[in-house]
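Report on one structure; see the data block that follows.
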Amino acid sequence: MTPVTGVVIPDQAELRRRVGRLPLEQKVQLLTGADFWALYAAPEAGLRRVVLSDGPAGVRGESWDERDSSANVPCATALAATWDTGRVEAIGGLLAREARRKGVDVLLAPTVNLHRTPFAGRCFECFSEDPVLTARIGGAYVRGLQRSGVGATVKHFVGNDSETQRMTVDVRIDDRTLRELYLAPFEAIVRDEGAWAVMAAYNGVNGTPMVQSPLLRDILDGEWGYDGLVMSDWTAAHDTEATAQAALDLAMPGPADRFGPWGDALLAAVAKGTVDEALIDDKVVRILRLAARVGALVDLPPAPELAREAPDSAAVAQELRAAAAAGFVLVRNDGLLPLPRHGPADRLGLLGADRRLRVALLGPNAEVARTMGGGSATVFPPYTISPLDGLRGAGLHVTYAPGVTSHVRAGEARAPWLLRPDRPFDPGTGAEIRFWTETGELAGSELRDGATFMWMGGLATSGITEPVDRLEIRCVIRASVGGEYQLGISGMGRYRLLVDGAELFDITLTLPEDADVAEALMRPPQHLAPVQLAAHQSVNLVVEHDVKSSSFAGIGTFVQLNLVPPHGTDDEEIAKAVALAAASDAAVVVVGTTAQVESEGFDRTTLALPGRQDELVRQVIAANARTVVVVNSGAPVLLPWAQDAAAVLLTWFSGQDYGDALADVLLGDVEPGGRLPMTWPASEDGLPSTQPADGVLTYDEGLFIGYRAYDRDGREPMFAFGHGTGYTTWAHESLTLDHAPDGAPGVAACVQVRNTGSRRGREVVQVYASRPDSAVERPAKWLAGFATVDADPGETVTVGILIPERAFQHWAGQGWSTEPGPYVLAAGPSSATLPLTAWLELS
Ligand code: BGC
């Protein structure tokens with residue numbers, strides 16, 4: 001449990017007394033959001049407005065607006081790759097301070113669904129394929145938040161492990177698999193950390209939508225003793241009575257006359273007697289308990305230690321830079337890394353005094369890196385440090401070429417081409433937006449710093465009260481070089497685009513019928529048209545949008561400006577990149593996915609890198625053997641050239657300070673601290689599918705996901721679960737077993753490791769359990785515990801790792817059971833390298 005010292009949580013009787021002060025209408029009103037992100041206040045019960053926000057890569061706050069920026073922390077896979085609960089707890093604390101700064105009480109995070117398959121579009125937002133690693137890292141995230149008085153929302157309960165048809169799919173999971181894999185992280189976090197909120201998923205499990213599933217009352221509340229709040233995923237609740245009778249407490253978003261099944265319909269059900277008022281009271285009690293925990297019952301004394309101080313941006317940057325490096329996984333290094341700061345002496349003396357290492361920085365993600373995945377996890381960081389910024393900032397001699405285009409769609413218009421009309425000579429980017437009423441009056445205007453505009457829950461969020469009929473977006477486009485520029489728009493509805501007053505197009509964009517909201521946001525319909533511009537020519541661009549024509553699923557209004565500058569063909573760009581690599585001391589190629597590949601709202605159709613990136617890598621390696629390939633993706637991509645590269649560094653979506661962390665690691669100022677939180681596949685074969693058949697997705701593979709499947713089938717992945725190296729070497733010397741401390745059930749595995757290299761480093765010691773000749777079907781091995789150790793060169797450290805009783809148990813239909821007999825614990829640096837073993841006999 002994570003107690004918040006000083007916060008008084010009223011007992012059940014006191015909460016009930018408060019509920020008793022409210023009439024039925026008000027109680028029912030409280031059960032649906034007041035708007036997209038907030039709950040209603042009820043002063044009679046002492047309740048102020050409570051604000052929720054996505055999550056998990058930062059705290060976005062109540063607006064979707066680049067002016068309201070948020071610290072962008074590494075994505076879930078990056079955090080899990082640290083295997084470092086202390087560090088992740090500290091990130092939770094940082095997020096809590098961000099939440100307080102932005103007036104947020106409850107973060108809609110962490111996501112603890114599992115990587116059932118790397119094809120799932122939202123893997124970057126989930127920690128791991130393993131339930132124990134997910135539970136420990138997710139638990140640390142929750143602890144960090146809640147210790148500072150900000151609520152965590154553990155989501156999405158349960159079986160939301162892919163995106164295809166996520167709003168309606170019925171996921172069929174056998175009981176044992178459900179308990180041992182998919183429920184396990186929720187159980188551990190609810191029991192051990194006392195999570196304050198849980199989000200019920202869109203999908204159904206075994207025939208019932210999760211927002212009305214018996215799993216909520218029977219398992220979550222009944223078996224695990226959960227006393228927190230259950231909210232629906234956004235627009236997931238539909239059936240008035242079934243959701244009211246289930247242990248769902250809050251339907252989001254609101255208000256009830258626009259979204260959700262409750263409001264007047266629920267009042268009518270109570271009047272009819274089909275829903276008992278006592279059920280309503282129970283739900284309100286849980287809302288008030290959550291409010292007490294986050295300090296939103298205003299008559300209670302505020303907690304002294306709630307994080308209130310504004311985060312210091314330099315300290316945040318430092319923490320995020322270190323956290324990113326701690327999650328980078330060096331999966332291959334033939335000695336090239338770390339790179340020296342200085343190049344070999346130039347025999348002809350052509351370099352003069354400039355002996356800085358000459359690095360060719362190549363690849364489509366080098367200049368515009370991805371620091372987060374797409375969908376509701378989107379936040380607007382105050383800045384992002386790209387690899388190009390990071391390497392230049394580190395004082396290297398850097399030349400740059402993108403190599404190939406990986407986007408199939410046009411990207412967001414950006415600097416140096418898109419300029420705000422009020423500052424057409426500044427390097428910053430942006431636009432002016434004017435809001436027009438039906439009668440042609442100007443209702444307001446605003447200056448924006450980006451090119452993606454989203455008003456969730458209506459334009460009222462812009463502070464405009466009159467109904468808006470038309471939007472006008474004005475900006476300046478300035479050509480850097482002469483040539484053909486593609487200008488365009490993404491969104492839903494009617495758009496008219498004018499260049500210097502002349503119409504370029506007038507078009508109505510429509511979404512496919514079955515589009516998911518997140519898909520609509522991440523890859524909406526797009527239209528582009530070519531414009532010829534001379535070098536340095538500026539033109540005025542105006543976009544008119546008919547707001548009522550917008551068909552954004554009733555959620556709000558969305559417009560994105562797009563621009564593609566003149567560029568060479570991929571063949572020409574590859575040739576340029578190869579020439580730079582050949583003329584440099586080393587090449588760094590940053591490859592990765594795009595926003596159209598890894599996002600909420602859709603799954604992946606291939607694990608291959610988009611575009612001709614594989615070809616780029618192969619040609620650069622051929623031109624310069626001293627090539628490091630840096631992978632900027634949130635989840636596995638195929639790396640068919642990996643064995644030919646001198647070094648391969650997996651860097652995830654690592655937050656706003658990504659590029660600085662990359663420079664630190666490439667130059668050896670910091671070692672890459674990560675180990676793989678998932679199995680990295682060598683091919684797409686044999687992986688579970690995300691595609692439902694007739695609305696049903698059956699988890700046929702049962703317990704065998706990730707390394708469990710590779711072990712069973714005797715298949716070799718590209719890189720094993722838990723793999724990764726730093727810049728020193730380790731000997732795993734001995735494993736002994738002892739009683740668990742304080743007589744706790746389970747055992748303590750004591751592992752002795754020695755730093756055999758020449759610099760201080762950190763090792764992740766992993767312990768796996770197995771049960772030879774088990775009478776029940778089991779994986780060959782499963783993660784049972786882990787710990788990180790730090791040691792100086794030559795230093796020996798012994799670490800005690802608690803292996804809880806549950807590590808030996810299996811779900812036996814009605815409860816957990818420990819099969820008596822021998823078990824093996826094996827320890828080592830990865831699931832594929834376990835040099836130490838110890839036996840134990842359980843009765
Ligand atoms: C996502 C949730 C998110 C919610 C609010 C949903 O589409 O599945 O994870 O918290 O939207 O943005």
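The values are calculated or read from the model by the stated rules, or taken from the named source; none is laboratory data. These figures come from a predicted structure and were not determined experimentally. Because the Cβ atoms are built from the backbone with ideal geometry, glycine has one as well, and the counts that use them run over all protein chains shown. Heads up: the accessible areas ignore ligands, DNA and RNA and are worked out on the full protein's heavy atoms, side chains in. Shrake-Rupley method; radii C 1.70, N 1.55, O 1.52, S 1.80 Å.
Descriptive notes on the structure:
- Cα gyration tensor, the range 641-750 - rounded (a/c under 1.5), prolate or oblate: oblate
- Extension gain for the segment Q26 to D68, taken as residue separation times 0.36 nm less the Cα-Cα distance, is 11.9 nm to one decimal.
- Working from label points 7 Å from Cα in the Cα-to-Cβ sense, the D738 to V776 distance is 3.0 nm.
- With the whole protein complex present, D711 retains an accessible surface near 60 Å², based on a 1.4 Å probe.
- Long-range tail of P(r) for the range 1-116 (Cα pairs > 26 Å, %): 36 percent
- Taking only Cα atoms of the range 140-290, radius of gyration then Dmax in Å: 15.1, 45
- Sites D669 and K272, calculated FRET efficiency, Cβ-Cβ separation with R0 56 Å, nearest 0.05: 0.25
- The share of Cα pairs per 10 Å bin across the range 589-651, counted from zero up to the longest distance, runs 22, 53, 21, 4 percent.
- Protein heavy-atom accessible surface, 1.4 Å probe, per residue over the chain: 35 Å².
- Across the range 169-277, C-alpha contacts under 8 Å between residues 6 or more apart give a mean separation that, scaled by the residue count, equals a relative contact order of 22 percent.
- Computed Rg/Rh of the range 317-423, alpha carbon atoms with Kirkwood Rh: 1.02
- Label separation (R760 vs E438): 6.9 nm, computed from points 7 Å beyond Cα along the C-beta direction.
- Heavy-atom accessible surface of the chain: percent carbon and sulfur, 1.4 Å: 51 percent
- Cα centre as origin, Lys/Arg/Asp/Glu Cβ charges: the chain dipole, Debye: 1500 debye
- Fully extended contour minus Cα-Cα distance, from E367 to D174, at 0.36 nm per residue: 64.9 nm
- In summary, the range 222-291 shows an alpha-carbon radius of gyration equal to 1.07 times the 2.2 N^0.38 Å reference for compact globular proteins.
- Filtered chymotrypsin sites (Phe, Trp or Tyr not before Pro), the range 391-486: DSSP coil and at most 13 other beta carbons within 10 Å: F425
- The chymotrypsin sites (Phe, Trp or Tyr not before Pro) of the range 121-191 include none that meets both criteria, a DSSP state outside H, G, I, E and B (loop) and at most 16 other C-beta atoms within 10 angstrom of the site's C-beta.
- Computed over the range 402-488: relative contact order in percent, which uses C-alpha pairs under 8 Å that are six or more apart: 32 percent
- The stretch between R355 and H567 holds 73.1 nm of extra length on full extension. This uses 0.36 nm per residue minus the Cα-Cα distance.
- Between the range 8-56 and the range 786-843, the alpha-carbon centres lie 44 Å apart.
- Spin-label pair D334/E223, simplified geometry with 7 Å Cα→Cβ offset, distance in nm: 5.1 nm
- Using the empirical formula 2.2 N^0.38 Å as the baseline, the Cα radius of gyration of the range 473-618 reaches a ratio of 1.28.
- Take every pair of alpha-carbon atoms less than 8 Å apart whose residues are at least six positions apart; their mean separation over the length of the chain yields a relative contact order of 15 percent.
- The Rg/Rh ratio for the chain, using Cα coordinates for both the radius of gyration and the Kirkwood hydrodynamic radius, is 0.97.
- Dividing the C-alpha radius of gyration of the range 359-475 by 2.2 N^0.38 Å, with N its residue count, gives 1.35.
- A Förster radius of 35 Å, combined with the Cβ-Cβ distance separating Q643 from R191, puts the computed FRET efficiency at roughly 0.20.
- Rounded FRET efficiency, nearest 0.05, which uses the C-beta distance separating R712 from S538 and R0 of 51 Å: 0.25
- The Rg/Rh ratio of the range 401-443, with both radii computed over alpha carbons and Rh defined as the Kirkwood radius, is 1.20.
- Take the convex hull of the alpha carbons in the range 546-663; its mean projected area over all directions comes to 10.1 nm².
- Cleavage-rule hits, trypsin sites (Lys or Arg not before Pro), the range 697-796, DSSP coil, Cβ neighbours within 10 Å at most 14: R715, R759
- Environment charge at L47 (Cβ cut-off 12 Å; Lys +1, Arg +1, Asp -1, Glu -1): +3
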